[in-house]
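Some notes on the structure that comes next.
The values are calculated or read from the model by the stated rules, or taken from the named source; none is laboratory data. Quick caveat, the model's predicted, so the values are computed rather than measured. Every residue, glycine as well, gets a Cβ built from its backbone with ideal geometry; the counts of neighbours run over all protein chains shown. Surface accessibility is based on the protein's heavy atoms, side chains included, excluding ligands, DNA and RNA. Shrake-Rupley method; radii C 1.70, N 1.55, O 1.52, S 1.80 Å.
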Amino acid sequence: MSLPESTRTRLNQMIAMAVTTGLAAGVICLIGWIADGTQFHRSYLIGILFWTGLSLGALGVLMLHYLVDGNWGHAVVRYLEASARLLPPLGLLALPLGFGLQEIYVWADPVRVLGDPLLQHKLPYLNPGSFVLRYAAYFVIWSTLAFAVGYRRGPGLNQVDPGGKEGRGALCAIGLVVFVVTGTFAAIDWLMSLEPHWFSTIYGCMILMGMVLAGFAFVVAAACRMSRHLEGIPVIPAAALNDLGSLLFAFVMIWAYLTFSQFLLIWSANIVEETTWYFARLDGGWQTFGILLAVFHFAVPFVLLLSRELKRSARRLGSVASVLVTMHLVELIWLVVPAFHAGHLRIHWLDLMAPLAVGGLWFAGFLWQLSSRPPTKLEGVPA
Amino acid sequence: MPMTEAARIHGVLAEFDSPEALLQATRKAASAGFTEVEAYTPYPVHGLADSLGFTRTGIPALVFTGGLIGCISGYLLQYWVSVHAYPINVGGRPLHSWPSFIPVTFETTVLCAALFAVLGMLGLNGLPMPYHPVFNIPQFERASQDRFFLYILSRDEKFDLRETRRFLENLKPREVFDVPE
């Protein structure tokens, strides 16, 4: 149950390092806020959404695990919980965005709305008041799910509870439906409304799948690394690694399917209202990002994860998972920044500093959760 | 037993009551040095393939090849049809419009990979096989119901009818059968 002293010390060092990095980057971001408030808020949106995506994705996979059970889940359940339990602090960290809604969203700017009949038409949904209200509702619902799902009455922390003995199965089934619905609305609110004239019905699923993929990939990468380097953290059996790799493979395919479907449908229809989104993102240098995503968010991981040998090696599976997490940041920048600089590649240093600031604090919280609820050897799981 | 009869023996079959007994027997046969060993069970038994030394198959390479063939030929078929055989101007798009080729390319990839998987599996298993000597034993019928069989083939280098029979009898089976060719 408890970790050896050496691991505890190492974890504490890493937490201290993460907090320092996060605070230092946070101070730099504050300077950026004073220097250029508009840019700060736009970059901070990327920082918040990247880490919220990881936690939200982990919550989805966590509920999936409790619903269907399986050895792959037992191997990473503590990591998933550690990630999902960071949703409440993320909700608080997102508060500064409230001061700059007008800088980020054109529909939050009354002057712009006045001269735009379409934005006036969408005003009942897209207005700062209801945006903040929905934002609060999402985080309350997700945080409640994250803690309700992880709560254990019956067996000890390190005992397997095969599907639903505590009635958790039903909660997770409903929770997953709520997760997809709220996730879709959040994706529309936070990302799609950056370009409020544009719409795509597959968008919510596409964004949510990207988050689930990245959230799961982060957990796999962390579990692979920590189980190899930290004493007292159980090694993940090859069969479980194989399953984790296969699930990652499936997520990569679903993400690619959804992302390409949107492109194919808009490309086929060739309607001006819809194609603007891709003109903004596949022109003036942004096409590099598109190619990067096609190659490293899909093609390379797809081919690598076909290999059984790779999936059974914690080191190599961890590397592929790390690439996928990195590519999620590339995807997020590609989704957000062209809304402000259409067809014109321009990345501000704050776009990378903000994810670092939120990430330092997030990662410290993740490690702290893991050290207080460590991934120990589970009883009743075949090796 | 006369030599002529021994030569016409295909192998020795042992019948077990439980998957655990079969698994144990298989492990003992492997550690005794037998390599030409088969096991028959009514349902998949976890760990049996490993203890039979059946760890690598040609299936992954076959499926990958099938996928590759399906992917390339599916794309080329569409390219040939849309650009050479029957070019149609669709809303001014180029004849070679790769985005619209992707879904069919994906389908043919999956189709060919799946066909290679199924047919390759049958082929590597030597199926269909109209005749196999183990079916000469009437009790073998229960391999598809509730009995578990271990079969040591006479072509095994270590095979000796009397010794192998004694070896199997020591594993406490229900019964041991000599299987004629």
Cα-based Rg and Dmax for the stretch B:59-124, in Å, come out at 14.6, 50
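Leaving out ligands, DNA and RNA, calculate the buried accessible area for the pair B and A with a 1.4 Å probe, summed over both sides, in Å² to the nearest 100.
So the total buried area for this chain pair works out to about 800 Å².
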Ignoring ligands, DNA and RNA, the residues of the stretch B:58-106 whose accessible area with a 1.4 Å probe is reduced by 40 Å² or more relative to the chain alone are B:93, B:99
Here the FRET efficiency for residue A:120 versus residue A:272, based on Cβ atoms and R0 = 30 Å and rounded to 0.05, is 0.90
Mean accessible area per residue over the protein assembly as shown (1.4 angstrom probe, all protein chains present, square angstrom) is 49 Å²
With Cα coordinates, the longest principal axis of chain A makes an angle with the long axis of helix A:350-372, in degrees rounded to 10, of 20 degrees
Carbon and sulfur atoms account, in whole percent of the 1.4 Å probe accessible area of the stretch B:59-124, for 81 percent
With the full set of protein chains present, the residues of the stretch A:233-271 whose 1.4 Å probe accessible area falls by 40 Å² or more relative to the chain alone are A:260, A:264, A:267
Short to long, in 20 Å steps from zero, the percent of alpha-carbon pairs of the protein assembly as shown per bin is 17, 41, 28, 11, 2, 0
The ³J(HN,Hα) series, computed from each phi in the stretch A:227-238 with the Karplus coefficients 6.51, -1.76 and 1.60 at θ = phi - 60°, rounded to the nearest Hz and given as x for glycine or proline, is 5, 8, 9, 9, 5, x, 9, x, 5, 7, x, 4
Of the candidates B:154, A:53, B:24, the farthest towards the positive dipole end of the protein assembly as shown (Lys/Arg Cβ +1, Asp/Glu Cβ -1, centred on the Cα centre) is A:53
Inverse of <1/r> over all distinct C-alpha pairs of chain B, i.e. the Kirkwood Rh in Å, gives 19.9 Å
For the stretch B:4-84, the Debye formula with one identical point scatterer on each Cα and no solvent gives log10 I(q)/I(0) at q = 0.12, 0.16, 0.21, 0.26 Å⁻¹ as -0.58, -0.76, -1.01, -1.20
Scoring chain B by relative contact order with C-alpha pairs under 8 Å, at least six apart, yields a percentage of 49 percent
Summing +1 per Lys or Arg and -1 per Asp or Glu among the other residues with Cβ less than 15 Å from residue A:105's Cβ gives -1
dims of the stretch A:177-326, Cα set, principal axes, largest to smallest, nearest Å -> 56, 32, 21
Whole-percent carbon and sulfur contribution to the accessible surface of chain A (1.4 Å, no ligands, DNA or RNA) stands at 70 percent
Amide H proximity to residue B:16 below 5 Å, modelled H, separation 5+ or other chain, gives B:148, B:149, B:150, B:174
Relative to the compact-globule estimate 2.2 N^0.38 Å (N residues), the Cα gyration radius of the stretch A:289-331 stands at a ratio of 1.14
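What is the stretch B:59-124's relative contact order, in percent, from Cα pairs under 8 angstrom and six or more apart in sequence?
Over the stretch B:59-124, the number comes to 57 percent.
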Its Cα gyration tensor gives the stretch A:1-61 an equivalent ellipsoid whose semi-axes in whole Å, largest first, are 31, 19, 4
Toy charge model, Lys and Arg Cβ at +1, Asp and Glu Cβ at -1: the stretch B:42-163 dipole around Cα centroid in debye, rounded to 20, equals 280 debye
The distance between the Cα centres of the stretch A:36-54 and the stretch A:295-369, in whole Å, is 15 Å
